[in-house]
1. Test each condition in (1) touching a Ser or Thr at 6+ places or on another chain (Cβ under 6 Å); (2) modelled with pLDDT of 95 or more for His53 and report the one that comes out false.
2. Checking the structure you have, find out if any residue of the range 81-103 is surrounded by 13 or more Cβ atoms within 10 Å (Cβ to Cβ), closer than 24 Å to Asp32 by Cα and among the aliphatic types (A, V, I, L, M).
3. Taking only pairs six or more apart or across chains, which ones have beta-carbon atoms under 7 Å, a first residue in the range 16-30 that is within 14 Å of Ala122 (Cβ to Cβ), and a second residue that is of a type outside the set (D, E, K, R) and in a helix (DSSP H, G or I)?
4. Taking the range 110-135, which residues are farther than 22 Å from Thr35 by Cα, loosely packed, with under 13 Cβ neighbours inside 10 Å and touching a strand residue (DSSP E or B) at 6+ places or on another chain (Cβ under 9 Å)?
5. Inside the range 128-137, can you point out the residues that are in a strand (DSSP E or B) and more than 9 Å from the chain's Cα centre (by Cα)?
6. Out of all the residues in the range 34-44, is one or more among the basic types (Lys, Arg), at pLDDT 95 or above and within 23 Å of Lys110 (Cα to Cα)?
7. Restricting attention to the range 116-127, which residues are in a loop (DSSP other than H, G, I, E, B) and in contact (Cβ under 8 Å) with a residue 24 or more places away in the chain?
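The values are calculated or read from the model by the stated rules, or taken from the named source; none is laboratory data. Predicted model only: the values in this text are computed from it and were never measured. Note: ideal-geometry Cβ built from the backbone for every residue, glycine included; neighbour counts use all protein chains shown. The accessibility values were calculated without ligands, DNA or RNA, using every heavy atom of the protein model including side chains. Shrake-Rupley method; radii C 1.70, N 1.55, O 1.52, S 1.80 Å.
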Amino acid sequence: YEPNAKKKSDKNGRTVFVNLNALVGSLIKKDDIKTGYVICASDHTTSGVYVNHFETGVMDDLNKYLTKEHPFTPNKYLHNIWDHTFLNADAHLKAMDVGKSASVLIIDGKLQLGKFEDIVYAEFDYRPDKTFTVALFGEEA
């Protein structure tokens, strides 16, 4: 994760949300992209990327909804019975609901996001070695 990125995590520490706007903005500036698009994608099956408001209430509501749909009940899921290593089947299902990636237009060197929109990386089975990919496409200034 970007060391200075805004992060929020739930009380059990398994779910972490990271705001990618500043990181992506700095990469756009570094590569001097004027017009194009960016794709941000998760590199793992227990995380995803989406565009929405990076606000505690929204993230808490999303986490409550996903946890209600896919509770952490290890014996409920076949994946956990098959693979006892991580007991993270709920995290796989939550990631599928969120989606693997998000794309955002770049115009005049800026991300085309609404006032309350952010690119958010969501990890549902937190481990510090998890990564994501940012790919920039476009014309230089």
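1. If we test His53 against (1) touching a Ser or Thr at 6+ places or on another chain (Cβ under 6 Å); (2) modelled with pLDDT of 95 or more, just (1) comes out false.
2. Yes.
3. Qualifying pairs under 7 Å: Phe17/Met59.
4. Correct list: Thr131 only.
5. Of the residues in the range 128-137, the ones in a strand (DSSP E or B) are 132-137.
Thr133, Val134, Ala135, Leu136, Phe137, listed by residue number.
6. For the range 34-44, residues among the basic types (Lys, Arg), at pLDDT 95 or above and within 23 Å of Lys110 (Cα to Cα): present.
7. We begin by selecting, within the range 116-127, every residue in a loop (DSSP other than H, G, I, E, B); these are 116-117, 124-127.
Phe116, Glu117, Phe124, Asp125, Tyr126 - these are the residues of the range 116-127 that are in a loop (DSSP other than H, G, I, E, B) and in contact (Cβ under 8 Å) with a residue 24 or more places away in the chain.
Let's see how each residue does on (1) of a type outside the set (Phe, Trp, Tyr); (2) open to solvent by less than 50 Å² (accessible area, probe 1.4 Å); (3) touching a helix residue (DSSP H, G or I) at 6+ places or on another chain (Cβ under 7 Å); (4) within 30 Å of Ala141 (Cα to Cα):
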site: Ile28; (1), (2), (3), (4): yes, yes, no, yes
site: Asp31; (1), (2), (3), (4): yes, no, no, yes
site: Thr35; (1), (2), (3), (4): yes, no, no, yes
site: Ala41; (1), (2), (3), (4): yes, yes, no, yes
site: Ser47; (1), (2), (3), (4): yes, yes, yes, no
site: Phe54; (1), (2), (3), (4): no, yes, no, yes
site: Lys64; (1), (2), (3), (4): yes, no, no, no
site: Lys68; (1), (2), (3), (4): yes, no, no, no
site: His79; (1), (2), (3), (4): yes, no, yes, no
